[in-house]
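Remarks on the structure that follows.
Derivation of every value follows stated rules applied to the coordinates shown; laboratory data play no part. Computed from a predicted structure; not experimentally measured. Virtual Cβ from ideal backbone geometry, glycine too; neighbours counted across all protein chains shown.
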Ligand code: DC
């Protein structure tokens with residue numbers, strides 16, 4: 001663990017699907033000894049509720065009524081995030097093809113985004129938070145913002161490593177999610193862009209840490 005005096009209390013990390021945001025956020029947060037928050041888990045939990053309750057994915061008002069009727073809690077623990085819905089652990093159910101295929105349709109609704117934003121703003125700093133619009137829309141006051149990129153091919157190869165699946169099917173699924181998520185993906189203008197292609201996880205974290213140290217020295 002590295003204590004960086006003067007480090008920003010909220011560090012945002014945005015980027016497309018499978019750009020390595022979660023692993024990088026977890027590792028950076030762990031090095032700094034602070035929790036990390038994976039904002040996509042709220043969208044994933046909302047999608048799980050919508051699918052399980054068979055609510056029409058296109059019906060924003062019904063989705064919001066459903067969400068207001070349940071308690072979704074994200075536990076930003078040091079090593080990983082857990083999600084509870086009405087006190088039941090659902091973490092394991094959130095990274096499945098069923099959720100991947102439907103989460104973009106849920107997260108496109110402005111009222112769902114406001115619901116997630118409100119929940120995220122209740123998390124007490126310090127933390128590293130990753131998502132699509134953390135630096136631009138949810139935590140514009142963050143003192144340090146990153147935007148991670150990598151080509152669709154490299155992202156597909158990484159995802160195949162995480163879940164045993166066929167490369168071309170994964171590449172197609174990532175292309176589809178890039179297209180569906182395009183409107184949500186909003187890097188802050190001042191975000192520092194990091195191309196992660198050809199870099200290991202540790203190397204990416206080292207690059208980010210250098211920026212944390214620079215801002216900390218202020
Ligand atoms: O980061 P992830 O793959 O867990 O995100 C799941 C989905 O949630 C992603 O397809 C788009 C949506 N999402 C979003 O719209 N805004 C965020 N800040 C995070 C995720």
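In whole percent, what relative contact order does the chain give with Cα contacts below 8 Å and a gap of six or more residues?
Values: 352 pairs, mean separation 75.3, N = 218.
Taking the mean separation of contacting Cα pairs over the length of the chain, I get 35 percent.
Translational diffusion coefficient of region 151-195 at 37 °C, 0.692 mPa s, Stokes-Einstein with Kirkwood Rh over Cα pairs, in µm²/s as a whole number. Walk me through the numbers on the way to the answer.
Details: Rh = 11.8 Å.
So the translational diffusion coefficient is about 279 µm²/s.
Using only Cα atoms and rounding to the nearest 10 degrees, what angle (0 to 90) does helix 21-32 make with the longest principal axis of the chain?
50 degrees
Can you tell me the FRET efficiency between residue 52 and residue 192 if r is taken as the Cβ-Cβ distance and R0 is 45 Å, rounded to the nearest 0.05? Could you put the intermediate results ahead of the total?
On the way: r = 39 Å, r/R0 = 0.86.
Calculated transfer efficiency: 0.70.
Would you mind telling me the antiparallel percentage of the DSSP bridges in the chain, rounded to 5?
On the way: 7 of 23 bridges.
Looking only at bridges with both residues in the chain, the antiparallel portion is about 30 percent.
At q = 0.14 Å⁻¹, what is the base-10 log of I(q)/I(0) for the chain according to the Debye formula with one equal point scatterer per Cα and no solvent? Please give it to two decimals.
-0.85
Expressed as an acute angle from 0 to 90° and rounded to the nearest 10, what is the orientation of the C-alpha long axis of helix 167-181 relative to the principal long axis of the chain?
90 degrees
Which FRET efficiency, nearest 0.05, do residue 122 and residue 78 yield, Cβ-Cβ r, R0 22 Å? Numbers along the way, then the final one.
On the way: r = 19 Å, r/R0 = 0.86.
After rounding, the FRET efficiency stands at 0.70.
For helix 40-52, report the angle its Cα long axis makes with the longest principal axis of the Cα atoms of the chain; keep it between 0 and 90° and round to the nearest 10°.
That helix lies at roughly 10 degrees to the long axis.
Sorted by average packing, counted as other Cβ atoms within 10 angstrom per residue and highest first, what order do 127-137, 65-75 take? Write out the running numbers ahead of the final one.
On the way: 127-137: 24.7, 65-75: 14.1.
Per-residue mean Cβ counts within 10 Å order the peptides as 127-137, 65-75.
So, R0 is 22 Å and r is the distance between the beta-carbons of residue 215 and residue 114; what FRET efficiency does that work out to, to 0.05? Mind showing how you got there, number by number?
On the way: r = 29 Å, r/R0 = 1.34.
About 0.15, to the nearest 0.05.
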